[in-house]
Amino acid sequence: MSDDTTLSVIVAAKDAEALIEDCLTSVLPQLRPGDDIVVIDDRSCDTTAEICARLGVRLLLNSHAPGPYGARNLGAALATTSALVFFDTRCRALDGWLESHREALRDVDRPVISYSDIEVEQTSDIAGAVARHLNPFSARTYARVGFYPACNLGIGRELFWRAGGFEEIRGGADAGLCFRATALGARFVVDPRTRVRWRPRATFRALQGQYRRYGTSKYRLRADRVPLLLLDTAMFLPLRTLGTAIGKPSSRASLRARIGAGIVQANFESAILRAAVADAASAVRGSSMTRRARWSAHGGSGGI
């Protein structure tokens, strides 16, 4: 890539009428000639399409695989630009956001995955206070785990397909894409400046659900190390819950926000254990059905 790097901003949306306008109007002024923006609508039942039409943003119905990653793959398949930037309806781009991705993706010597720091938008509800304490999309957090989220992720179009695109699963496919891309020699370029604000869920219950999905995704992604993952989770769940509640010494979060963050962290850890229990139960049921089928095949004789 070079100075003529063009970007396709791909936004996966579902029932996003309360979010999509702020998202798109933050991106549109940052587009250059040759850039593109497309919303892939995942069967919305609200006015998402009408808002996109009013703003002059191209919207396509997700005729591919359902879910956010299937929608993102469809957007990538239709892109003709040199690079892709995946964005989320809950995100608002600040000044310099798209140029930060463009600058990183210009690298001609080695493939790049780009990201910039995200801060939680200020809201007055408890879910917002908890989310600010958790700061879920901080660049510093993801630097330790070896991938970055698809809510604000840039990648060359050729590298995206060489790495196989996103797995079309409910959550965690951004990790898989990053792992495969770095195995192909890609490096991360992260802008430490805050370029994006993320709007948190409106309720504490929804925030808990978000973290339960993250926990289930973590379990699925670590299928090669499940015994160690479960041992680590069972042993350190209380400590991580407490550590999350306490947070950084500099945190000014209220006691209510800290307690809420601890509960959310416990939901995340517990989801890992629940996914393991569900898999174990499924394996037992499968084994039982196999034994019954064998018994039936031999006329209930109890053996060959």
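The values are calculated or read from the model by the stated rules, or taken from the named source; none is laboratory data. This one's a predicted model, so the numbers in the text were calculated from it and none came from an experiment. Ideal geometry is used to build each Cβ from the backbone, glycine not excepted, and the neighbour counts take in all protein chains shown. What goes into the accessible areas is simple: the full protein's heavy atoms, side chains included, and nothing from ligands, DNA or RNA. Shrake-Rupley method; radii C 1.70, N 1.55, O 1.52, S 1.80 Å.
Remark on Phe188: its backbone amide H falls under 5 Å from those of Ile113, a criterion applied only to residues 5 or more positions apart or on other chains, H modelled at 1.01 Å from N.
When you count the other C-beta atoms within 10 angstrom of each residue and take the mean per peptide, 17-25, 152-160 line up highest first as 152-160, 17-25.
Accessible area per residue for segment 153-205, computed on protein heavy atoms with a 1.4 Å probe, is 49 Å².
Length gained on full extension, Arg144 to Ala18: 42.1 nm, using 0.36 nm per residue less the C-alpha separation. The residues of segment 40-99 have, on average, 40 Å² of accessible surface per residue, using a 1.4 Å probe with all protein chains present. Taking amide H positions as modeled 1.01 Å from N, with prolines and chain starts lacking one, the residues under 5 Å from Val196 and 5 or more places away or on another chain are Leu94, Glu119. The distance separating the Cα centre of segment 219-261 from that of segment 1-31 comes to 33 Å. For Thr47, the residues 5 or more places off, or on other chains, whose built amide H falls under 5 Å of its own are Glu17. Computed from Cα positions, the angle between helix 204-221 and the longest principal axis of the chain comes to roughly 70 degrees. Computed over protein heavy atoms with a 1.4 Å probe, the carbon and sulfur contribution to the accessible area of the chain reaches 57%.
The simple spin-label model puts a point 7 Å past each Cα toward its Cβ; for Thr194 and Val108 those points are separated by 3.7 nm.
Note on Ser44: accessible area approximately 30 square angstrom, rounded to 10, probe 1.4 Å, nucleic acids and ligands left out.
Modelled this way, with points 7 Å down the Cα-to-C-beta line, the labels at Ser63 and Glu158 are 2.9 nm from one another. At the residue level, Asp4 shows approximately 110 square angstrom of accessible surface with a 1.4 angstrom probe and all protein chains present.
Sorted on the mean count of surrounding Cβ atoms within 10 Å across their residues, most packed first, peptides 7-16, 196-205 read 7-16, 196-205. DSSP beta bridges fully contained in the chain are about 30 percent antiparallel. Using a simple spin-label model with pseudo-atoms 7 Å out from Cα toward Cβ, Met235 and Val284 lie 2.5 nm apart.
If I take all pairs of Cα atoms in segment 134-230, what percentage of them are more than 16 Å from each other? So the pairs more than 16 Å apart make up 62 percent of the total in segment 134-230.
Rounded to whole numbers, the Karplus 3J(HN,Hα) couplings from phi for segment 261-270 are 5, x, 5, 4, 4, 5, 4, 4, 5, 5 Hz, using 6.51 cos²θ - 1.76 cosθ + 1.60 with θ = phi - 60°, and x at Gly and Pro. Rolled with a 1.4 Å probe across the full set of protein chains, the surface gives Cys151 an accessible area near 10 Å².
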